[in-house]
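Undergrad: Questions regarding the structure given below will be posed in turn.
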């Protein structure tokens with residue numbers, strides 16, 4: 001399950017690739033390590049066109065999993081968007097594109113520890129997008145902050161392709177790279193949009209053993 005990714009492309013690159021009309025992120029610095037429950041940029045539909053905004057990574061956790069917990073740290077990866085809990089956010093008003101330049105999956109080591117293994121596009125293009133959903137939700141994300149209302153996001157997962165499957169056989173994020181895929185995800189009815197919930201083709205990703213590579217654009 002992807003719980004760490006990087007976004008080091010410029011705002012201009014994101015705006016051009018995703019057809020952003022309004023940028024509300026201010027001066028967006030490179031984000032080489034994006035962890036759950038932290039802020040990151042997303043592109044969402046708005047009345048005046050697509051807008052680039054900051055949101056917190058982690059959609060609301062289904063109530064049944066929160067019993068006995070005072071804090072909801074959120075669900076980062078969504079495998080079944082048609083379930084009763086997630087279906088309310090599958091329309092175009094709640095779909096988003098999550099820009100990334102690399103993502104990681106944890107590799108289990110012989111000593112029982114784990115390390116992040118990074119993946120990026122093999123074609124040399126730095127920027128891609130997770131197929132995401134977002135919502136505005138009131139909850140306790142951090143105990144010290146108490147109850148807050150936040151824009152939250154998560155992204156879909158699917159079966160793993162060959163490269164990711166060597167590290168995490170069960171799943172990988174849904175990654176969109178072509179302009180027509182971005183438009184389909186942001187504009188199409190749910191049945192058509194969810195056809196994009198599929199892995200990238202084998203050999204579309206490269207493993208970056210040199211961690212520094214994820215910061216290159």
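Please treat every number below as a calculation from the coordinates, not as lab data. Just so you know, these numbers come straight off a predicted model, no measurement behind them. Note that each Cβ is placed from the backbone with ideal geometry, even for glycine, and that neighbours are counted across all protein chains shown.
Undergrad: Compute the length gained on full extension between residue 145 and residue 39: take 0.36 nm times their separation in residues and subtract their Cα-Cα distance, giving the result in nm to one decimal. Don't skip to the answer; put the middle values down first.
TA: Numbers: separation 106, 0.36 × 106 = 38.16 nm, distance 1.50 nm.
That works out to 36.7 nm of additional length.
Undergrad: Another question, if that's okay. Calculated from DSSP H runs of 4 or more alone, at -39500 (n - 2.57) each and per residue, what is the 222 nm mean residue ellipticity of the chain, nearest 500? Write out the running numbers ahead of the final one.
TA: Values: 4 runs with 25 residues, N = 217.
That calculation yields -2500 deg cm²/dmol at 222 nm.
Undergrad: What ranking of 38, 159 emerges when the number of other C-beta atoms within 10 Å of each C-beta is taken as an exposure proxy, fewest first?
TA: Details: 38 11, 159 14.
In order of increasing Cβ crowding within 10 Å: 38, 159.
Undergrad: Using packing as a proxy for protection, rank 132-138, 64-70, 2-8 so that the peptide with the highest average count of other Cβ atoms within 10 Å comes first. Present the calculation step by step, with values, prior to reporting the outcome.
TA: Working: 132-138: 18.4, 64-70: 8.6, 2-8: 21.0.
Highest-to-lowest ranking by the protection proxy: 2-8, 132-138, 64-70.
Undergrad: Between residue 178 and residue 46, what is the FRET efficiency for a Förster distance of 22 Å, r being their Cβ-Cβ separation, to the nearest 0.05? Could you put the intermediate results ahead of the total?
TA: Details: r = 23 Å, r/R0 = 1.04.
According to the calculation, E is roughly 0.45.
Undergrad: How big is D for the range 5-201, in µm² s⁻¹ as a whole number, if Stokes-Einstein is applied with the Kirkwood radius of its Cα pairs at 10 °C and 1.306 mPa s? Don't skip to the end; give the middle numbers.
TA: Working: Rh = 17.3 Å.
Answer, rounded: 92 µm²/s.
Undergrad: Also: At 0.36 nm per residue, and after removing the present C-alpha to C-alpha distance, how many nm does the segment from residue 187 to residue 71 gain when stretched out fully?
TA: Net length gain for the segment: 38.4 nm.
Undergrad: Return the tail of the calculated pair distribution for the range 1-98, meaning the percent of Cα-Cα pairs more than 16 Å apart.
TA: Values: 2947 of 4753 pairs.
Pairs farther apart than 16 Å: 62 percent.
Undergrad: Regarding the range 64-126, what are the three Cα extents along the principal axes, ordered largest first, in Å?
TA: Between the extreme Cα coordinates on each principal axis of the range 64-126 lie 36, 35, 19 Å.
Undergrad: Another question, then. Report the calculated FRET efficiency for residue 109 and residue 13 (r = Cβ-Cβ distance, R0 = 41 Å), to the nearest 0.05.
TA: 0.75
Undergrad: While we're on this one: Extension gain residue 29-residue 87, at 0.36 nm per residue separation less the Cα-Cα distance, in nm?
TA: Numbers: separation 58, 0.36 × 58 = 20.88 nm, distance 3.32 nm.
My answer for the length gained is 17.6 nm.
Undergrad: To continue, here is another question. With a/c under 1.5 counting as rounded, go ahead and sort the range 119-217 into rounded, prolate or oblate using the C-alpha gyration tensor (a ≥ b ≥ c being the square roots of the eigenvalues; past the cut-off, prolate if a/b is larger than b/c, else oblate).
TA: Here the range 119-217 falls in the oblate category.
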